[in-house]
Amino acid sequence: MTDIHTLAGAYALDAIDPLERARFGRHLAECPSCAAEVAELTETMAAFSGATTEAPPAGLRAAVLARSAATPQTQPAEPRRAVRRPAGRWPRWAAAAAAVIALAGAGAVGYGIAHHPATPGSTRVSAEDKQIAAVLGARDARVDSVRVAGGGQVAVVSSDSLNEAVAVLTRLPSPGAGDAYQLWVISDGTPRSAGVLAAGRTGGTELVSGVRGAQLIGVTREPAGGSRTPTLPLVAELPLT
Amino acid sequence: MNRVAAGDEDAFATLYDAVAARAYGLIRRIVRDPALAEEVTQDVLVEVWRTASRFNQQRGSAAGWILAIAHHRAVDRVRAEQAAADRERRAGAASVPFDEVIAEVTARLEQEAVRRCLRTLTSVQRESIMLAYYGGLTYRDVAERLGAGLPAIKTRMRDGLIRLRDCLGVTLG
């Protein structure tokens, strides 16, 4: 029995930190018997839920149904194929951009979509803006978002075919004087910095490269300028798989 | 679940009625605060709607899948809140009465099979599982709390869950 296999119990109980979770998740993809065991152990804990059943507050049902009605569903995973997009697929671009705005909240995005709008005479679009637009319009773009404790949220649009993602951080709590939010791409449990916001900034849009094969995009709070390794816990984590 | 994955809102409402009390109850045990529990439950159920196509019945029941998402989100949230409290050095944030929650859960286990099976575990197996599951603790935290080594706690969690699984006859596929 390998050492990593003994993590199956802790994994099923969510009793591991995000980095180990990502590493073990990678192991599960290569170890069908481990994945089956985790599934059974997870199912086993569901048997306890009868002991904690509690009627939710009255307004929850309407709130959930209203929010779900306004939330697009992810499509089943399709086998990958080479993507050749015809030029000028504005509708798809616009739909993805609209999804990001909806997820990130109005006012936050102001970037990529309505970048440089007020600069007189400026029709130039930076290379990074073009890349952001390409990710938002990618045929295999996936959108995910998560709320952050203390307020705000992080939305990520990722494209495996482009090997890039766009992370939109919106109205996060103040990182504190002299601190900054930093993004990380986590592959096989190893974090790599994917950009640092300016100190004190509570939102921003970052282009994240090298996401193919990675498991997680994470956000941490770090000293201004960022750190070489993430300071746990993660403020937000979004699975890429 | 197939109908939910196909975008059927009525099917989702039916699913809500079937699982909301179990999801909310579990989340509230972990995050404690009812308003926070309501917020997390809402996020979880919208996530279920959004990602319903990822549900794989070969990997377990719909309730099991939903409760696993609920547990994961609740634990994330409680750890983030705890970290925020630690940063602000809020008084008293460190001492949380997990034991009360665990005692309550154990007392309320209505299904005789679950009670009986839980009794077949060693006390360390039982405590490791309950502290992690309802306390949102990592196995490192559990090891520290129980004064045991990391490999021992990992093993106790896995062995304990396997014993519960076999005792309850949980099998998939």
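The values are calculated or read from the model by the stated rules, or taken from the named source; none is laboratory data. Computed from a predicted structure; not experimentally measured. Reconstructed Cβ throughout: ideal geometry from the backbone, glycine too, with neighbour counts over all protein chains shown.
Are there any pairs with C-beta distances below 8 angstrom linking a residue in segment B:47-61 that is at the interface with another protein chain (Cβ under 9 Å from one of its Cβ atoms) and touching a residue at least 12 places away in the same chain (Cβ under 8 Å) to a residue that is assigned to a helix (DSSP H, G or I) and among the acidic types (Asp, Glu), with the two at least 6 apart or on different chains, and if so which?
Filtered contacts from segment B:47-61: B:Gly60/A:Glu40; B:Gly60/A:Glu43.
Identify, please: which residue in segment B:121-144 is hydrophobic (A, V, I, L, M, F, W, C), under 19 Å from B:Thr106 (Cα atoms) and assigned to a helix (DSSP H, G or I) and is, among those, nearest to the other protein chains (Cβ to nearest Cβ)?
Per the stated criteria, the residue is B:Ala132.
Mind checking whether some residue in segment A:30-44 is at pLDDT below 95 and outside any helix (DSSP H, G or I)?
Yes, segment A:30-44 contains at least one residue that is at pLDDT below 95 and outside any helix (DSSP H, G or I).
Run B:Cys167 past the list (1) at the interface with another protein chain (Cβ under 10 Å from one of its Cβ atoms); (2) part of a loop (DSSP other than H, G, I, E, B) and report the number of the one that doesn't hold.
Going through the list (1) at the interface with another protein chain (Cβ under 10 Å from one of its Cβ atoms); (2) part of a loop (DSSP other than H, G, I, E, B), B:Cys167 breaks only (2).
Could you tell me whether any residue of segment B:145-152 is facing chain A (nearest Cβ under 7 Å) and among the aliphatic types (A, V, I, L, M)?
Checked segment B:145-152: no residue is facing chain A (nearest Cβ under 7 Å) and among the aliphatic types (A, V, I, L, M).
Of all the residues that make up segment B:6-30, how many are more than 7 Å from every other protein chain (Cβ to nearest Cβ) and free of Cβ contacts under 8 Å to residues at least 60 places away in the same chain?
So the count comes out to 11.
Look through segment A:1-20, keep the residues that are without any contact (Cβ under 8 Å) to a residue 12 or more places away in the chain and within 27 Å of the chain's Cα centre (by Cα), and return whichever of them is nearest to B:Leu164 (Cα to Cα).
Checking each candidate, the answer is A:Ala10.
I need a count of the residues in segment B:19-34 that are at pLDDT below 95 and of a type in the set (A, V, I, L, M, F, W, C).
Residues flagged as at pLDDT below 95 and of a type in the set (A, V, I, L, M, F, W, C) within segment B:19-34 amount to 2.
Where in segment A:137-241 are there strands (runs of 3 or more DSSP E), lying wholly inside it, with at least 3 residues that are away from chain B (no Cβ under 14 Å)?
Answer list for segment A:137-241: A:153-159, A:164-170, A:179-187, A:190-196, A:204-209.
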